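Have a look at the structure below before the remarks.
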Amino acid sequence: MTQYSIDENRRRIVITAKTADRTPTVAETVLQIIGRRPDLGRWDWIFDIREPHEKATTEQLDQIAEVFNAVRGERSYTVFVSSDPETYARCALMDLKFLDRRHIVAPTMKEAEALIPKVVPSVY
């Protein structure tokens, strides 16, 4: 099962992939969340994907990027908590698909939290 929390104060979503039950997948969970609240595409996201999980397909990434790009604003961040070296290559690919969003890898949740800037300067 994929678990998530929404932190309204910090404008941050944290998603944790759990091995026990693979439905819904991480990508399906993201699509459900932004389907209900597209504005969250401007927020920072942290994905804890240290446990084995089903990776998003190219089509799913394109769908997610389309929704996120439709609500662009100031620079936002996605941090993947992972020890899988492939995650770096996936982040580079996602940086090309997502406008105004940077994708980063961190080995721990604590480091992921620290990588997201405390104050992001407004572009307006």
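Close contacts from the range 88-102, counting a first residue that is in contact (Cβ under 8 Å) with a residue 12 or more places away in the chain and open to solvent by less than 50 Å² (accessible area, probe 1.4 Å) and a second that is among the aromatic types (Phe, Trp, Tyr) and not in a loop (DSSP other than H, G, I, E, B), with Cβ to Cβ under 8 Å and a gap of 6+ residues or different chains, come to 91/80; 98/68; 101/68; 101/77. Filtering 50, 36 for residues that are open to solvent by 20 Å² or more (accessible area, probe 1.4 Å) and closer than 19 Å to residue 115 by Cα leaves a single hit, 50.
The values are calculated or read from the model by the stated rules, or taken from the named source; none is laboratory data. All figures in this text were calculated on a predicted structure; none of them were measured in a lab. Quick reminder, even Gly has a Cβ in these numbers, built from the backbone with ideal geometry, and neighbours come from all protein chains shown. Heavy atoms of the whole protein, side chains included, go into the accessibility calculation; ligands, DNA and RNA do not. Shrake-Rupley method; radii C 1.70, N 1.55, O 1.52, S 1.80 Å.
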